[in-house]
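Worksheet for the structure shown next.
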Amino acid sequence: MKPAVLPIVVSLAVFQMVSAAPDPAAPSSQPQPQPSSPAPHAKAVQAALVKVDKEIKPEHYALVEVDLDEDGRKDALALMNSQSTYSGTGGSTLFLLRACKEDGKYTKVGSVGVVHAPIYLRTTRHHGLRDLLVTVSGGGAEPGVAVLAFDGKCYPKSPGEAAAKVEEKDKVLFAEKSEADGS
């Protein structure tokens, strides 16, 4: 290429790059990142929690949706945080809500006191619902993790003995450093 042609070729290349760049003021056909939205069933979960205590507000808990019984509907776990009255030195309350088949509402199948994150979903199950593994510490409790097993009617009110071990196949539902812990 001749030296006189090179500046023209470079100028055309720059012009094509600039003209191909999207106009920030123009609407885009490409999907744009959206701000994170609440869980799809957050309103129904909140309605179920208000039946437990009318003072519970959405900012009082971290919410995870998981299919505990593998029926295709997302059940809900609400781990209370330090903004609620369900959290103290021993830990926080974990509310377990099962999705109803008929109406899209939730039924409480447990409220487990004095637990901390991390909380895990186990592959094992009792009476059709998956077991959970919760962290226990503080408030005089022996630190460790305990298994929560469904008894056919509900999950236990307290975690019991912290003698379980986290296994590689356990799935983290609430991470250790979460808003639910107040950290």
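Some notes on this structure:
- Val115 assigned to a strand (DSSP E or B), surrounded by fewer than 21 Cβ atoms within 10 Å (Cβ to Cβ) and hydrophobic (A, V, I, L, M, F, W, C): no
Residue-by-condition table, conditions (1) of a type in the set (Phe, Trp, Tyr); (2) within 17 Å of Phe150 (Cβ to Cβ); (3) touching a helix residue (DSSP H, G or I) at 6+ places or on another chain (Cβ under 7 Å); (4) not in a helix (DSSP H, G or I):
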{"residue": "Ala44", "(1), (2), (3), (4)": "no, no, no, no"}
{"residue": "Ala47", "(1), (2), (3), (4)": "no, no, no, no"}
{"residue": "Lys51", "(1), (2), (3), (4)": "no, no, no, no"}
{"residue": "Glu55", "(1), (2), (3), (4)": "no, no, no, yes"}
{"residue": "Leu63", "(1), (2), (3), (4)": "no, no, yes, yes"}
{"residue": "Arg73", "(1), (2), (3), (4)": "no, yes, no, yes"}
{"residue": "Leu77", "(1), (2), (3), (4)": "no, yes, no, yes"}
{"residue": "Ser82", "(1), (2), (3), (4)": "no, no, no, yes"}
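- Pairs, first within 28 Å of Glu70 (Cβ to Cβ) and touching a residue at least 24 places away in the same chain (Cβ under 8 Å) in region 81-107, second among the polar types (S, T, N, Q) and assigned to a loop (DSSP other than H, G, I, E, B), C-beta under 9 Å, six or more apart: Ser92/Asn81; Ser92/Ser82; Ser92/Ser84
- Close pairs from region 143-171: first in contact (Cβ under 8 Å) with a residue 40 or more places away in the chain, partner among the charged types (D, E, K, R) and buried (at least 16 other Cβ atoms within 10 Å of the Cβ), Cβ under 6 Å, at least 6 apart: Asp170/Arg122
- For region 57-77, the criterion of a residue being within 16 Å of Pro159 (Cα to Cα) and at pLDDT 95 or above is satisfied by at least one position.
- Whichever residue in region 91-112 is surrounded by fewer than 23 Cβ atoms within 10 Å (Cβ to Cβ) and in contact with a Lys or Arg (Cβ under 6 Å, 6 or more places away or on another chain) and, among such residues, is farthest from Lys169 (Cα to Cα): Thr107
- Which numbered condition Phe150 fails, given (1) at pLDDT 95 or above; (2) out of contact with any Gly (no Cβ under 8 Å at 6 or more places or on another chain): (2)
- Candidate set from region 84-112 (those that are hydroxyl-bearing (Ser, Thr, Tyr) and part of a strand (DSSP E or B)); member that is nearest to Tyr155 (Cα to Cα): Ser111
The values are calculated or read from the model by the stated rules, or taken from the named source; none is laboratory data. Because the structure is predicted, anything quoted here is derived from the model rather than measured. A quick note on method: Cβ atoms are made from the backbone with ideal geometry, for glycine too, and the neighbour counts reach across all protein chains shown.
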